[in-house]
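The values are calculated or read from the model by the stated rules, or taken from the named source; none is laboratory data. Being a predicted model, the structure only gives us computed values, none of them experimental. Heads up, the Cβs are rebuilt from the backbone with ideal geometry, glycines too, and the neighbour counts pull from every protein chain shown. Surface accessibility is based on the protein's heavy atoms, side chains included, excluding ligands, DNA and RNA. Shrake-Rupley method; radii C 1.70, N 1.55, O 1.52, S 1.80 Å.
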Amino acid sequence: MSASPTFASLVPEFDALRRRFPPGFESSLVLPCLRRLQEAWGHVEDSDIAALAEYLAVPRVQIEEALSFYGQLRREPVGRWHVEVCRNVSCSLRGAETLLERLSSKLGLAPGDTSADGRFTLSTCECLGSCGTAPVVLVNGVYHENASAPEIERMIEGLERA
Amino acid sequence: MTKLIMTFPVTETSHTLASYRSRGGYATLERVVREMRPEDVTREVTAAGVQGRGGAAFPAGRKWSVIKLNDGQPHYLCANADEGEPGTFKDRWILENAPHLLLESMLIAAYALQVRHAFVYMRGEFDLPYRRLASAIDEATAAGLMGERILGSAFDCDVLIYRGAGSYVCGEASALLTSIEGKRGYPRNRPPRLTVRGLYQRPTVVNNVETLSNITGIVRDGAAAFRAVGTADSPGTRLVSVSGHVNRPGVHEIDLGYAFERLLDDCGGVLDGRALKAVIPGGISSKVLTGDEIMPLALDHESLAAAGSSLGSGGMIVIAEGTCMVRLLQVMLRFYHHESCGQCTPCREGMGWLHRIIDRIVAGEGRPEDIDRLYRISAANDGTTICGLGDAAGYATSGILNKFRPEFEYWIEHKRSRFDGNLVCRASS
Ligand SMILES: Cc1cc2nc3c(=O)[nH]c(=O)nc-3n(C[C@H](O)[C@H](O)[C@H](O)COP(=O)(O)O)c2cc1C
Ligand code: FES
């Protein structure tokens with residue numbers, strides 16, 4: 001397997017990152033490179049794992065372990081719109097459970113599922129450090145604070161048309 | 001009330017270098033690199049008695065004093081901006097609104113600890129805090145405040161942001177370092193202490209963002225001025241992030257020793273004028289207090305410890321009358337189970353057991369002996385695990401059971417919640 005065009009196009013950025021870190025910190029670049037690959041491609045491809053291992057001269061297994069450990073990293077695609085509802089304590093106290101139920105029926109998806117057309121994924125997530133503006137919903141990583149069900153439903157309708 | 005961190009009105013531009021400089025920013029760094037020796041800085045920080053604001057309240061000066069100067073090896077400094085403890089959103093205020101205060105403080109700390117490369121470990125989801133800090137680093141570098149020969153001195157230092165990727169345990173100081181090494185965020189056994197062998201086995205200081213942000217003021221105004229605020233045993237201020245059933249959630253800077261009752265007033269009181277049922281004072285890993293217990297308390301480390309809890313991470317969660325504490329504990333235990341890294345058997349298994357038992361109770365299939373089981377498993381982590389995650393789950397569990405046991409007994413006996421399983425603040429339940 002050879003590296004994807006995405007990987008190849010990011011190598012100049014990876015080189016720049018490498019220069020910013022102290023010498024001997026190649027292993028530290030695993031996370032930032034994986035984050036960047038996922039940002040560019042939506043998930044991390046198997047072929048890019050091998051390419052990154054070779055590029056950083058770290059064991060491939062270290063990259064696979066990181067991918068399985070960190071909740072934000074994924075090896076499989078998610079929908080074009082990834083809706084994540086925080087369900088930790090402060091958000092639950094401000095209505096996250098009802099919000100999740102409403103989004104679930106609006107999208108026709110159980111938490112964790114992706115729609116058949118690949119447009120939406122609905123997930124739950126843990127405390128986002130935004131408890132003062134609970135409940136909080138992430139849409140493709142962007143915080144929507146003080147989220148109300150009607151407002152998020154309207155946004156989803158907009159995305160459905162997009 | 002004294003303000004040491006939230007000292008200015010937040011505007012569209014108050015986070016910028018120009019604005020920070022107009023408030024006297026970087027004058028302290030300049031004095032430090034021109035006039036002070038590294039050990040003078042550490043002496044001042046030790047004399048100030050500033051305690052860690054990340055959860056454990058360990059004195060920062062004592063941690064710093066372990067670092068041996070001129071020992072011929074690199075030292076590292078890491079600001080803990082993981083802000084993972086549920087209920088906590090205070091470091092975010094600093095990252096978004098006062099990024100240069102953190103940077104100036106980190107540079108002063110780096111000077112004291114002879115650090116060439118410092119890191120800010122930031123939780124992966126943070127977006128605006130990341131962009132604000134990244135642009136502050138660019139501004140500072142362009143202005144010669146960071147990088148090589150800072151302000152014309154012989155001091156070189158760069159601050160790099162390292163972004164996490166969704167893991168609560170990475171907020172634990174040793175896991176944080178393992179994560180910066182690009183590996184799974186597994187906590188490490190101590191000894192050796194991180195100040196002896198930390199990042200890549202080199203002496204490393206890990207401090208919370210808020211702890212570090214106090215350093216500039218301490219060095220500028222002196223330890224005595226810092227000690228003049230707060231109480232004798234808890235000097236200074238704390239950023240408290242208040243959430244849950246209050247009218248105006250948000251971040252407040254309080255003098256340590258501030259009355260809880262006044263803080264609740266500052267937040268507009270309990271939602272819908274409800275009675276106060278309980279408060280989790282310092283992130284979900286601190287023990288819950290009933291409304292009656294916390295109402296007369298002063299918010300400082302001594303008073304909270306005497307009441308059997310702690311100020312922890314400053315993440316205060318207010319809970320109104322009518323809330324179901326069984327469901328609340330269920331939310332917490334699902335979280336701890338999800339976040340256990342799996343290294344230590346008592347935590348890996350224990351979190352699963354706690355989670356399954358609480359799910360069983362909520363499903364109406366609880367048994368009377370389940371309460372004692374929850375207690376037993378909660379205590380089993382004590383001292384047997386590498387990090388404090390399992391203990392934290394145990395404190396949360398035994399804390400809620402101690403105060404609200406009848407709600408658990410009721411659910412087990414009647415197969416339903418005494419409060420309709422309610423978590424939100426509703427008019428009728
Ligand atoms: C499971 C776990 C999670 C933690 N999460 C954080 C965190 O998100 N932020 C933080 O500052 N400290 C966190 N801590 C505490 C750190 O281990 C450490 O005590 C702290 O960063 C030291 O800084 P301080 O002395 O300035 O408080 C956590 C501890 C544990 C056991
Ligand atoms: S509980 Fe949802 S952001 Fe903290």
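A few remarks follow.
- Using a probe of 1.4 angstrom and keeping all protein chains present, the accessible surface of the protein assembly as shown works out to 38 square angstrom per residue.
- Rg and Dmax of chain A, based on Cα coordinates, read 18.2, 52 Å.
- Exposure of A:Cys91 as accessible area (Å², to 10), given a probe of 1.4 Å and all protein chains: 10 Å²
- Complex-versus-alone comparison for the range A:62-77, residues with a loss of 40 Å² or more in accessible area, probe 1.4 Å: A:Glu65, A:Phe69, A:Tyr70, A:Gln72
- Placing a pseudo-label 7 Å from each Cα along the Cα-to-Cβ vector at A:Ala16 and A:Glu65 gives an inter-label distance of 3.1 nm.
- 0 to 90° range, to nearest 10: angle between helix B:345-362 axis and chain B longest Cα axis: 40 degrees
- Using a probe of 1.4 Å, the accessible surface attributed to A:Thr121 totals some 10 Å² when neighbouring protein chains are kept in position.
- Exposed-loop-free span, longest in chain B, where GluC sites (Glu not before Pro) count as exposed if DSSP calls them loop and at most 16 other C-beta atoms lie within 10 Å: B:149-320
- Rounded percent of accessible protein surface that carbon and sulfur make up, chain B, 1.4 Å probe: 49 percent
- Buried on assembly, the range B:122-170 (at least 40 Å² less accessible surface than by itself, 1.4 Å probe): B:Arg123, B:Glu125, B:Leu160, B:Tyr162, B:Arg163, B:Ala165
- Solvent accessible area, Å² - B:Met316, 1.4 Å probe, full protein context: 0 Å²
- Note on the protein assembly as shown: Cα-Cα pairs beyond 46 Å make up 13% of the total pair count.
- Measuring how big chain B is from its alpha-carbon positions, Rg and Dmax come out at 22.2, 74 Å.
- Apportionment of accessible area to carbon and sulfur, the range A:5-69, percent (1.4 Å): 55 percent
- Over chain B, dividing the summed -39,500 (n - 2.57) contributions of all DSSP H runs of at least 4 residues by the number of residues returns a 222 nm mean residue ellipticity of -12500 deg cm²/dmol.
- Calculated [θ] (222 nm, deg cm²/dmol) that DSSP helices of n ≥ 4 give over chain A, each run adding -39,500 (n - 2.57): -15000 deg cm²/dmol
- Cβ charges +1 (Lys, Arg) and -1 (Asp, Glu), total dipole of the range B:325-414, debye: 120 debye
- Distance between the modelled labels on B:Glu12 and B:Asn247, one decimal in nanometres: 3.1 nm (7 Å Cα→Cβ projection).
- Rotationally averaged projected area of the range B:159-265 (alpha carbon convex hull; nm²): 9.7 nm²
- Two-site FRET efficiency, B:Ser22 against B:Asp156, from Cβ-Cβ distance with R₀ of 30 Å, rounded to 0.05: 0.65
- Computed from label points 7 Å out along Cα-Cβ, the spacing between A:Ser9 and B:Arg202 is 3.6 nm.
- Heavy-atom accessible area with a 1.4 Å probe sorts B:Met106, B:Met36, largest first, into B:Met36, B:Met106.
- Solvent exposure, largest accessible area first (probe 1.4 Å, DNA, RNA and ligands not counted), of B:Lys3, B:Lys63, B:Lys277, B:Lys68: B:Lys68, B:Lys3, B:Lys63, B:Lys277
- Stretching B:Glu261 away from B:Asp138 to a fully extended chain increases their span by 40.0 nm, per 0.36 nm per residue minus the current alpha-carbon distance.
- C-alpha long axis of helix A:96-107 to longest principal axis of chain A, angle in °: 80 degrees
- Protein-only accessible surface at a 1.4 angstrom probe places the residues B:Tyr200, B:Tyr258 in the order B:Tyr200, B:Tyr258, largest first.
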